[in-house]
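The values are calculated or read from the model by the stated rules, or taken from the named source; none is laboratory data. Here the structure is a predicted model, which means the values were calculated and not measured. Here the Cβ is made from the backbone with ideal geometry for all residues, glycine too, and neighbour counts use every protein chain on show. For accessibility, only protein heavy atoms count, side chains too; no ligands or nucleic acids. Shrake-Rupley method; radii C 1.70, N 1.55, O 1.52, S 1.80 Å.
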Protein chains: 2
Amino acid sequence: MNTLAEENYLKSIYHLSLNAESVSTNQMAALLNTKASSVTDMLKKLAEKELINYTPYQGVTLTAAGEKIAINIIRKHRLWEFFLVEKLNFKWDEVHEMAEEMEHISSNELIDRLDKFMGFPKYDPHGDPIPDCDGKFKTHDLKPVSAIDVNAGGVICGVRDHSPAFLQYLEKQGLTIGKQICVTDIIEFDRSMVLQMENKTVQISREVANNLLITL
Amino acid sequence: MNTLAEENYLKSIYHLSLNAESVSTNQMAALLNTKASSVTDMLKKLAEKELINYTPYQGVTLTAAGEKIAINIIRKHRLWEFFLVEKLNFKWDEVHEMAEEMEHISSNELIDRLDKFMGFPKYDPHGDPIPDCDGKFKTHDLKPVSAIDVNAGGVICGVRDHSPAFLQYLEKQGLTIGKQICVTDIIEFDRSMVLQMENKTVQISREVANNLLITL
DNA sequence: TAAAAAATTTAGACAAACCTAAATATTTTA
DNA sequence: TAAAATATTTAGGTTTGTCTAAATTTTTTA
């Protein structure tokens, strides 16, 4: 199997690949809290194992084998997050660090049974899709609240920022997964948005609107 | 916190200390599947951290701080084993290796909530006591079946050998935790023992009788 | 109780994953 | 399009935890 460090690199490449064609050394260094030179070392190792496509100075992409491993780690991460929230009653802002450790428990049999135990959930506590045991998943078509107009609305289905600070703020405002919202006004001065919810009105900054995702 | 290797050394010292005053370098090397010289290196490091009492050539014991860490790891191991068997329906011979990884998940809040989720179990699937969140636990007073006489009996409450092969054998014979047994005969030739159970009779070797524990 | 055997420690190396500093390649900009 | 700025890689080191081989200490045994 792969080392913990290798798994974390593959996972990072996967996440960064969602927003770009290929991933740069510096992007990875920033995400992994390490130095570019350390990243280069590891990229050589992963290329040697044929888990990534790497040409010096040109960035990297995952091979099919590398992607499969990355998705499996993400599956584990999200299933453990679901477990922590649904079975152990943790809040959605508390589970990331724990799942970061638990995603490296190696047994696939274990994770498949955990999946079954919880009733094969499709989304984790932050609205991110949980890959099934074959690595398949569908992302629903989401947009940031900031991308919709006055009088439009939808259901909160995800977040872009997963930081505890942001999640705690949303919780406090009642802006949690599944809630219906409608934009009633956009303040011209700073483009902050006024949202109508079932039983109250909240005003959120553009920054928050950018990081809150809804389905139409 | 401590590294994975440090945690495994502390746990090993704890387990080996149960059968002896102090623990030798070679005993540890055997249990940890490593070399005596590697053990010596680690012992110096653990002594430096004041987790063990170590005088060269004289073996080691845990300090109070070291024992606390060891017991916490054992608590995690046994709670995860309980979870795997009771919630995910694994068999008692399948869970050791998985728990060996899971015992290193760092969060104590997580393990305390898991404990609560399962109703604060007192014994793991092999009959070993689960330390509570303060590290306290009672071992019930067990003896090997081999230590009792004809017409004596008791309830199966533990095993000495935790190997899958032994556990699978016991399972097949119906000799599982909680079963009532009574010794009806001891064969003079090889001192194997005939056991009367609720609805059947089984004959076990001296070796098996030595590794099967009962309460009187 | 001295020699032999066994156990333990020390010395010197190695791989993994990281680091800093220097060199090189690419991209930006004037 | 050449110089400057930025990004990336290379070179050389460090730490952790392991190893083998040699040295030393303890224990056993004759």
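Quick one: ranking A:V183, B:V85 by accessible area, 1.4 Å probe, largest first, what do you get? Don't jump to the answer; show the numbers that get you there.
Values: A:V183 0, B:V85 30 Å².
The residues order as B:V85, A:V183, largest area first.
For a distance above 26 Å, tell me the whole-number percent of Cα pairs in chain B that qualify.
The share of Cα pairs beyond 26 Å in chain B comes to 44 percent.
Per DSSP H run of n ≥ 4, the term is -39500 (n - 2.57); total these for chain B, divide by its residue number, and report the mean residue ellipticity at 222 nm rounded to 500 deg cm²/dmol.
Value at 222 nm, helices only, nearest 500: -13000 deg cm²/dmol.
Short version: ³J(HN,Hα) in whole Hz for each residue of region A:151-162, in order, from phi by Karplus 6.51 cos²θ - 1.76 cosθ + 1.60 (θ = phi - 60°), x for Gly and Pro, what are they?
Rounded to whole hertz, the list is 6, 8, x, x, 10, 5, 10, x, 9, 8, 8, 9.
Over region A:4-62, what is the relative contact order in whole percent, taking alpha-carbon pairs under 8 Å and six or more residues apart?
That works out to 35 percent.
If you rank B:T176, B:T55, B:T184 by how much accessible surface each has, with a 1.4 Å probe, what is the order from largest down?
Accessible-area ranking of B:T176, B:T55, B:T184, largest first: B:T55, B:T184, B:T176.
Going 7 Å from Cα along the Cα-Cβ axis for the label, what nanometre distances separate A:Y57 from the same residue across the other copies?
Distances to the matching label points in the other copies: 6.2 nm.
Output wanted: per-residue J couplings in Hz (rounded whole) for region B:172-182, from phi through Karplus 6.51 cos²θ - 1.76 cosθ + 1.60, θ = phi - 60°, x for Gly and Pro.
5, 7, x, 8, 10, 3, x, 6, 8, 9, 9
If I ignore ligands, DNA and RNA and count only protein heavy atoms, how much of B:V208 is accessible to a 1.4 Å probe, in Å² to the nearest 10?
Its accessible surface works out to 20 Å², give or take rounding.
At a probe size of 1.4 Å, how large is the accessible area of B:K122, to the nearest 10 Å²?
B:K122 exposes around 130 Å² with every protein chain in place.
For region A:91-199, give the magnitude of the charge dipole about the Cα centre (Cβ charges: +1 Lys/Arg, -1 Asp/Glu; no others), in debye to the nearest 20.
Dipole magnitude for region A:91-199 comes out near 360 debye.
Once you keep just the Cα pairs under 8 angstrom separated by 6 or more residues, what percentage relative contact order results for region A:80-137? List each step's numbers first, then the result.
Working: 33 pairs, mean separation 18.8, N = 58.
Relative contact order for region A:80-137 comes out at 32 percent.
Mind pulling the per residue volume of the convex hull built on the Cα atoms of region B:93-216? Å³ is fine.
Details: hull volume 13.8 nm³, N = 124.
In region B:93-216, the Cα hull volume divided by residue count equals 111 Å³.
Once the whole set of protein chains is in place, how much accessible area is left on A:R206, using a 1.4 Å probe, in Å² to the nearest 10?
Here the residue's solvent-accessible area equals roughly 50 Å².
Based on alpha-carbon centroids, what's the gap between region B:181-208 and region B:116-147 in Å, whole number please?
26
If amide hydrogens are placed 1.01 Å from N in the peptide plane, which non-local residues have theirs closer than 5 Å to the one on B:L212?
B:V145, B:S146, B:R160
Where in chain A is the longest stretch that carries no GluC sites (Glu not before Pro) classed as loop by DSSP and with at most 10 other Cβ atoms within 10 Å?
On the way: sites that count: A:E21, A:E188, A:E198.
Free of exposed loop sites, the longest segment is A:22-187.
Over all distinct Cα pairs, what is the inverse of the mean 1/r for region B:4-62, reported as the Kirkwood hydrodynamic radius in Å?
Roughly 11.0 Å, rounded to one decimal.
In whole percent, what relative contact order does chain A give with Cα contacts below 8 Å and a gap of six or more residues?
15
Check B:Y123: other-chain or 5+ apart residues with amide H under 5 Å from its amide H, H built from backbone geometry?
For B:Y123, whose amide H was placed from the backbone, the distant partners under 5 Å are B:I130.
Which lysines have a Cα lying under 30 Å from the Cα of B:K143, excluding residues fewer than 8 positions away in the same chain?
Partners within reach: B:K11, B:K68, B:K76, B:K87, B:K91, B:K122, B:K172, B:K179, B:K200.
Considering every pair of different Cα atoms, what Kirkwood radius, in Å, is found for the protein assembly as shown?
25.6
Could you go through region B:42-50 in sequence order and give the Karplus-derived ³J(HN,Hα) for each residue, using 6.51 cos²θ - 1.76 cosθ + 1.60 with θ = phi - 60°, rounded to whole Hz, and x for Gly and Pro?
Using θ = phi - 60°, the values come out as 5, 4, 4, 5, 5, 5, 4, 7, 6 Hz.
Give the longest segment of chain A that steers clear of chymotrypsin sites (Phe, Trp or Tyr not before Pro) in DSSP loops with at most 15 neighbouring Cβ atoms within 10 Å, not counting the sites themselves. Mind dumping the intermediate values first?
Values: sites that count: A:Y57, A:F189.
By the stated rule (loop sites, at most 15 other Cβ atoms within 10 Å), A:58-188.
What does the charge dipole of region A:49-111 about its Cα centre add up to, to the nearest 20 debye, if the Cβ of each Lys and Arg holds +1 and the Cβ of each Asp and Glu holds -1? Please report the intermediate quantities before stating the final value.
Values: 7 positive and 11 negative charges, 48 e Å.
Taking the Cα centre of region A:49-111 as origin, the dipole is about 240 debye.
B:F117 label points, 7 Å along Cα→Cβ, one per copy: pairwise distances from this copy to the rest in nm, shortest first?
0.6
Rounded to the nearest 100 Å², what is the sum over both chains of accessible area buried where A meets B, with a probe of 1.4 Å?
1600
Label position 7 Å from Cα toward Cβ: report the copy-to-copy distances for B:G174 in nm, one decimal, ordered from shortest.
6.1
Which value, in Å to one decimal place, does the Kirkwood hydrodynamic radius take for region A:80-137 when every pair of different Cα atoms is included?
Working: mean 1/r = 0.0853 Å⁻¹.
Roughly 11.7 Å, rounded to one decimal.
Starting from the alpha-carbon convex hull of region A:36-161, give the projected area averaged over all orientations, in nm². Write down the numbers at each step before the final one.
Values: hull surface 41.9 nm².
Its average projected convex-hull area is 10.5 nm².
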